[in-house]
Structures are given as structure tokens and as C-alpha cells.
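One structure, pasted below without further comment.
The values are calculated or read from the model by the stated rules, or taken from the named source; none is laboratory data. Being a predicted model, the structure only gives us computed values, none of them experimental. Methodologically, a virtual Cβ is constructed for each residue, glycine included, from the backbone with ideal geometry; neighbour enumeration extends over all protein chains shown.
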Ligand SMILES: CC(C)(COP(=O)(O)OP(=O)(O)OC[C@H]1O[C@@H](n2cnc3c(N)ncnc32)[C@H](O)[C@@H]1OP(=O)(O)O)[C@@H](O)C(=O)NCCC(=O)NCCS
């Protein structure tokens, strides 16, 4: 059977309403992150975005990478979790980083998501810190060969 979802790398300009719908559902409504922290002003000028669509065209996942290699805002709608969609999002951003010769990438991981980032070989760096009321830790993945 063909893949139940498709993933593309896009600009904010080309996907704003769909990207926003996933982040509003996951970060603002589910996790209670204040909108003024979620919309940090970096999406438009500084990021490459990953957008995941279901076969029916519903936006079900997203993520972004800043030009300095900082990956973040990885989100999958609850009913779609556990099907490797989050993995596909991170892999697509890592492919982009490798293609564009980024030496390394980072993530400020929510502590609950550390095992998820371990699966790509990210390693923790430094101490835990609080961001938007949730415990986080910086993780790094070296891409240099
Ligand atoms: C984190 C998130 C994006 C993962 O998406 P997903 O599509 O369910 O992830 P995958 O199906 O690709 O999971 C890959 C692996 O990571 C593990 N994993 C995923 N989320 C996890 C979590 N929160 N805690 C522990 N392990 C997790 C899965 O069990 C899976 O392991 P397996 O291969 O041994 O089965 C999703 O749970 C989510 O949107 N969470 C809320 C937002 C969030 O916390 N984002 C991360 C901010 S740093």
C-alpha cells in the first residue's frame, strides 16, 4: 500500500495556514504554549519548513530548521503519532542540512522527546533548562564526515 502521508520542504510563504494549523493544535492547544512564544518571528525569513499531508490533504505534521542548523517545532497531530511521521520530518530536515553542507544541527528538545532525538544519534549537551514552562535540553548531531 502506498504511504499514507507525503512530506515536502517549503517556505513559510507557501505553507503558512497549514503549518500554523498543526502548531496551533499541538503546541498552543495541547501543550499550552503561549502564542506569543510560539510565533517567535523567525518562521518567515530564517527557516526551511517541513510539512506533512495525509492522503486526503489534511496537514498532520510539521517541523522547521533555521539557517544556523537549529531544528525545532517538530509536531505530529496526536491521532497520527507512532507511525514514523516525526521520524520522516526530522530525516527530511537532516537531508536538507547534509545537502547544504551544514556541519552540525541542534535541537532544544523537550525532555520527554529526548528518546525520539536519540533515535537520530543526537546527543545531549549541557544542563536542562526551562522554556515556555517546559523542561528542555540542548542536543547536537554532528554531520561532518
Ligand atoms: C515528538 C513527536 C513529534 C514524535 O512524532 P511521532 O510521529 O509519534 O514519532 P515516530 O513515530 O517517528 O517515533 C520515532 C521513535 O521515537 C519514539 N518517540 C516518539 N515520541 C516520543 C516521546 N515523546 N517519548 C519517548 N519516545 C518517543 C517512538 O516511540 C519511536 O520509537 P520506536 O522507533 O522505537 O518505536 C510527537 O510525539 C509530537 O508531536 N509530540 C508533541 C510535540 C513535541 O513534543 N515535539 C517535540 C518538541 S522538542
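Going through region 109-130 one residue at a time, which ones are within 12 Å of the chain's Cα centre (by Cα) and either loosely packed, with under 12 Cβ neighbours inside 10 Å or within 7 Å of the ligand (Cβ to nearest atom) (or both)? Spell out how you get there, then give the answer.
Here is the first cut: in region 109-130, the residues within 12 Å of the chain's Cα centre (by Cα) are 109-110, 113, 116-117.
Result: 109, 110, 113, 116.
Can you tell me which residue in region 116-142 is farthest from residue 30 (Cα to Cα), limited to those that are part of a loop (DSSP other than H, G, I, E, B) and modelled with pLDDT of 95 or more?
Of the residues in region 116-142, the ones part of a loop (DSSP other than H, G, I, E, B) are 119-122, 132-133.
Those left that are additionally modelled with pLDDT of 95 or more: 119-122.
On the way: 119: 24, 120: 25, 121: 27, 122: 25 Å.
Filtering region 116-142 for residues that are part of a loop (DSSP other than H, G, I, E, B) and modelled with pLDDT of 95 or more, the one farthest from residue 30 (Cα to Cα) comes out as 121.
Pick from region 28-47 the residues that are in a helix (DSSP H, G or I) and in contact (Cβ under 8 Å) with a residue 12 or more places away in the chain: which of them is nearest to residue 98 (Cα to Cα)?
To start, the set of residues in region 28-47 that are in a helix (DSSP H, G or I) comprises 28-30, 35-38, 43-46.
The next check asks that each one be in contact (Cβ under 8 Å) with a residue 12 or more places away in the chain; those that pass are 30, 37-38, 43-44, 46.
Working: 30: 32, 37: 29, 38: 27, 43: 21, 44: 22, 46: 18 Å.
By that ranking, first place goes to 46.
Test residue 42 against the stated conditions and say whether it is more than 14 Å from the ligand (Cβ to nearest atom) and either farther than 18 Å from residue 139 by Cα or within 14 Å of the chain's Cα centre (by Cα) (or both).
Values: more than 14 Å from the ligand (Cβ to nearest atom): yes; either farther than 18 Å from residue 139 by Cα or within 14 Å of the chain's Cα centre (by Cα) (or both): yes.
Yes, satisfied.
Spot the failing condition for residue 57; the list is (1) closer than 23 Å to residue 106 by Cα; (2) at pLDDT 95 or above, and only one is missed.
Going through the list (1) closer than 23 Å to residue 106 by Cα; (2) at pLDDT 95 or above, residue 57 breaks only (1).
As an exercise: evaluate residue 84 against (1) surrounded by fewer than 19 Cβ atoms within 10 Å (Cβ to Cβ); (2) touching a strand residue (DSSP E or B) at 6+ places or on another chain (Cβ under 7 Å) and give the number of the one condition it does not meet.
(2)
Separate question: Which ones in region 1-24 are surrounded by 17 or more Cβ atoms within 10 Å (Cβ to Cβ) and part of a helix (DSSP H, G or I)?
Correct list: 12, 15, 18, 19, 20, 22, 23.
Further question on the same structure: Among the residues of region 6-37, which ones are within 11 Å of the ligand (Cβ to nearest atom) and at pLDDT below 95?
31, 33
Please find, within region 48-101, the residue that is nearest to the ligand (Cβ to nearest atom) out of those that are over 22 Å from residue 24 (Cβ atoms) and in contact (Cβ under 8 Å) with a residue 40 or more places away in the chain. Walk me through how you get there before you give the answer.
At the first step, the residues of region 48-101 found to be over 22 Å from residue 24 (Cβ atoms) are 55, 67-69, 84, 87, 91, 94-101.
Narrowing further to those that are in contact (Cβ under 8 Å) with a residue 40 or more places away in the chain: 55, 94, 96-98.
Working: 55: 16, 94: 13, 96: 17, 97: 17, 98: 19 Å.
Checked region 48-101; the qualifying residue nearest to the ligand (Cβ to nearest atom) is 94.
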